Amino acid sequence: MKLTKTDRLILDSYASMMEGLSAYLGSVYEISLHNVEDYNHSVVKIMNGYHSGRSVGAPLTDLALNMLKRITDQGLSATESYTSYNAIAPSGEHLKSSTIPIIGENGRVIGMLCINLYLDSPLTEILQSLDAGTAEHVEREHFSNNMTDTIQEAVADARNQILFNPNIPAVNKNKELIRILYEKGIFNIKDSVIQVAGALGISRNTVYLHLRSIAKASPQ
C-alpha cells in the first residue's frame, strides 16, 4: 500500500494528538501509532514504550495483522471485537487494550492507534495517572446541550467574578464582564453578542463598543 499526501496528514494529526492523550491517561498506558504502509516498521510514534520495550520502527503485531485481514474479509464492522479486549503481553503482564483503525482517503485503513493499559502496574503509578499533576487550580467546565446554555453559563460565571468585586467601579463592570467573555472565546459563537446584550440588559451596539475597545487594547 502507498499512502497519499492526505493519508500522511491524517496520521500526523494522530501523532500530535497522542502527546495530550498520553499526558491525560498517564504512564500506565502505552499508546502506539502504526502506519500500515510498512508492516515491518509500522510504529511511527509510541508513548511509554518502555512497557513493551518497543520504539519507533517496531513491526506490526500479530493481532493487528489479524485485524487487518478481518477488515479485508468482512469490512470495518469486524473491528468491533478489538475496541476493548483483554490481552497478555509476552512478559506475562495483563493488559486492557484497544486497537482502533485509522481511515484515510477512499475509505482505506492507513494506520492503527493502539492503547494498552498495563493492569499489573504498581498501585502508586496508577494513582499518579488519576492525579491532576501539578495543576495549581481546578478548572470549571460546563456540559451543555446547546450553545445558548453555554453562553448563559459563561455570563453567570463572569457575573460572579465581576459584580461583587469592590475594586471594579460600577461604571466599568459591564466592560470587565465582556472582557472575561472575550478572553474565553465566547464571542466566536454565532449570535453571542445578541445573547450577551440581552443577558446584561444593554444594547448590541454597547457590546460591540466594548469589544472594539478590548480588542484594540489586547496584545497582537
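The values are calculated or read from the model by the stated rules, or taken from the named source; none is laboratory data. Just so you know, these numbers come straight off a predicted model, no measurement behind them. Glycine also receives a Cβ, built like all others from the backbone with ideal geometry; neighbour counts cover every protein chain displayed.
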**Fill in**
Residue pairs qualifying under the 9 Å Cβ cut-off, at least six apart or on distinct chains, with the first in the stretch 155-175 being assigned by TED's automatic domain parsing to the domain that holds Ser192 and the second being assigned to a helix (DSSP H, G or I) and of a type in the set (Asp, Glu), are Ala158/Glu176; Gln161/Glu176; Ile162/Glu176; Asn165/Glu176; Ile168/Glu176
**Prompt:** So which residues in the stretch 10-59 are in a helix (DSSP H, G or I), out of contact with any Gly (no Cβ under 9 Å at 6 or more places or on another chain) and hydrophobic (A, V, I, L, M, F, W, C), if there are any at all?
**Reply:** Ala15, Met17, Met18, Leu21, Leu25
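Can Gly104 be described as small (Gly, Ala, Ser), in contact (Cβ under 8 Å) with a residue 24 or more places away in the chain and assigned by TED's automatic domain parsing to the domain that holds Glu19? Break it down stepwise before answering.
Numbers: small (Gly, Ala, Ser): yes; in contact (Cβ under 8 Å) with a residue 24 or more places away in the chain: yes; assigned by TED's automatic domain parsing to the domain that holds Glu19: yes.
Yes: the conditions hold for Gly104.
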**Prompt:** Does Ser97 fit the bill of being under 23 Å from Ser42 (Cα atoms) and modelled with pLDDT of 90 or more?
**Reply:** yes
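If the requirement is being surrounded by fewer than 18 Cβ atoms within 10 Å (Cβ to Cβ), over 25 Å from Lys2 (Cβ atoms) and not hydrophobic (A, V, I, L, M, F, W, C), which of these qualifies: Glu37, Glu105, Glu80?
Working: Glu37 fails: over 25 Å from Lys2 (Cβ atoms); Glu105 fails: over 25 Å from Lys2 (Cβ atoms).
Only one candidate passes the filter, namely Glu80.
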